[in-house]
Amino acid sequence: MPDGSFVTLAEAQAAFKKHLPMLRSRGITFDDSVVPKSYLPEAFRGNEALAMDAMPTLSTDPNSGIPIILTTFIDPQIYKILFAPLAAVEIYGEELKGDWTQDTTIFPVVEHTGEVSSYGDYATGGQARANTNWPEVQVYLFQAIIEYGERELARVGLGRINWVSELNQANATIMARAMNTIYHFGVAGLQQYGLANNPYLSAAITPATKANGGVLWFQSNGVSPNATPNEVYNDILALYQVLINQSNALVRPDTKLVLVLPNTLEGALQFTSSFNVNVMDLLKKNFKNLRIVTDTLFAVKSSVNPFGSSAGNLIQLIAEDVEGQKTGFNAYNSKLRMFAIVKELSAFKQKGMSGSWGNILRQPFAVAQMIGA
């Protein structure tokens, strides 16, 4: 045709067959059974865009991106959620007593007694004796179980986390935190006590009334000072005087002492006078062997510390040892025992257990306490 167009279907098919060798040489192939029903006229060849003046309707959702995970970086450094320090062991230390098969432990106590009388060659007066006592403490055994599945391990592994290691650390962490709480408060229903609630402790004294009013070291906002440096120091000095009175001079200025106070009161030790002397300076000057430990569980009862006393913040001044005898210690019969891993069809389980005797207070007179600061 002069204009290169095809009038009939037969002409179009003939032109297609004529061009097949050229199309195949350029990598365009067709199945032998293909029979075209139309063919582009010669006049339009090389200007095909004229037939593409509208975009076809998409069968899929419009998208010009890639999955976001392909552009996401996973930091190899794993950040752990932090918890408050466990202070019980720092205060008293801990000791292994017995083993996990035992339910009760006894602590022998010997008291020397007697009286003297005037001497005479034939006199028989005067007598020296010893009295024994056997205080008992019951143990509390507790446990936690870790579980993980095969697919769970594989999926968490995609995030570059060693899941078994993390679960084992979690087990050790919660067991240690439970042990710390038992060291503080014992377990209800058992014959055992903690360092903060032993009934043999002397009654807590009340802080002195401050010039600004009330007995608190900080104002109700917990930030602004309510007491002067001297008032804070005198409250601590009052605790020391209680130790002197209770110990009949066995506690002296060179005795190793531990001052335990809530972390919320620690800032009060930095209260500074107009002479540039703060509470810490006074303590270091007058008590050479004093340690200071902050304990979150000594803070007033709140949503943050449900174990605290509703009467206020607790402060203790402890003589670590008197005449070579330790005032007390935290005791356990099993620090952490991990049992065998149990294999299930496509999962694993492992139990861990610990056992605690609570806090063993051998010399109650060597602890003075104050509540309400």
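Values in this text are rule-based calculations from the coordinates and carry no lab data. Remember, predicted model here, so these are calculated numbers, not experimental data. With ideal geometry, Cβ positions are generated from the backbone for all residues, glycine too; neighbour counts draw on all protein chains shown.
When the Kirkwood hydrodynamic radius is evaluated over all pairs of different C-alpha atoms of the stretch 264-373, what value in angstrom, to one decimal, is obtained?
The answer is 18.1 Å.
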What is the calculated FRET efficiency for Thr60 to Lys351, with r their C-beta to C-beta distance and R₀ = 51 Å, to the nearest 0.05? 0.50
Stretchable slack from Phe142 to Tyr200, in nm (0.36 nm times residue separation minus alpha-carbon distance): 18.3 nm
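Using DSSP, restrict attention to beta bridges with both residues in the chain and report what percent are antiparallel, rounded to the nearest 5. Walk me through the numbers on the way to the answer.
Details: 43 of 52 bridges.
Percent antiparallel among DSSP bridges in the chain is about 85.
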For the stretch 294-337 and the stretch 81-160, distance of Cα centres in Å: 14 Å
Could you work out the pair-distance distribution P(r) of the stretch 208-273 from its alpha-carbon pairs, with 10 angstrom bin width and percents rounded to whole numbers? 19, 47, 26, 8, 0
Pick out which of Val34, Val110, Val89 has the largest mean-square fluctuation in a Gaussian network model of the chain, springs linking Cα atoms closer than 10 Å. Val34
Among Glu11, Glu231, Glu166: highest mean-square fluctuation, GNM of the chain, C-alpha pairs under 10 Å: Glu11
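Fewest to most neighbouring Cβ within 10 Å: what's the order for Tyr240, Tyr119? Mind showing how you got there, number by number?
On the way: Tyr240 20, Tyr119 8.
Fewest-to-most ranking of Tyr240, Tyr119: Tyr119, Tyr240.
How big is the Cα convex hull of the stretch 228-323 in projection, averaged over all directions, in nm²? Show your work: numbers first, answer last.
On the way: hull surface 26.6 nm².
That works out to 6.6 nm², a quarter of the Cα hull's surface.
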Working note, the chain: Cα radius of gyration (Å, one decimal) and Dmax (Å, whole number) are 40.9, 161
The chain: angle of helix 9-25 to the longest principal axis, Cα-based, in degrees nearest 10: 60 degrees
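Counting other Cβ atoms within 10 Å, keep those with at most 12, restrict to DSSP loop, and tell me which trypsin sites (Lys or Arg not before Pro) in the stretch 123-227 are left.
Details: sites: Arg129, Arg151, Arg155, Arg160, Arg177, Lys210; in loops: Arg160, Lys210.
Passing both the DSSP loop test and the Cβ count: Arg160.
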Short version: ³J(HN,Hα) in whole Hz for each residue of the stretch 180-192, in order, from phi by Karplus 6.51 cos²θ - 1.76 cosθ + 1.60 (θ = phi - 60°), x for Gly and Pro, what are they? 4, 5, 5, 4, 7, 10, x, 10, 4, x, 10, 8, 7
Too long for a 26 Å Cα-Cα cut-off, among Lys80/Lys284; Lys301/Lys335; Lys256/Lys285; Lys80/Lys288, are Lys80/Lys284; Lys301/Lys335; Lys80/Lys288
Please check: in the Gaussian network model of the chain (C-alpha springs, under 10 Å), which one of Asn289, Asn221, Asn63 has the largest mean-square fluctuation. Asn63
Given q = 0.22, 0.31 Å⁻¹, what are the Debye log10 I(q)/I(0) values for the stretch 254-307, with equal point scatterers placed on the Cα positions and solvent ignored? -0.86, -1.15
Helix-derived [θ] at 222 nm for the chain: sum -39500 (n - 2.57) over DSSP H runs of at least 4, divide by residue count, nearest 500? -7000 deg cm²/dmol
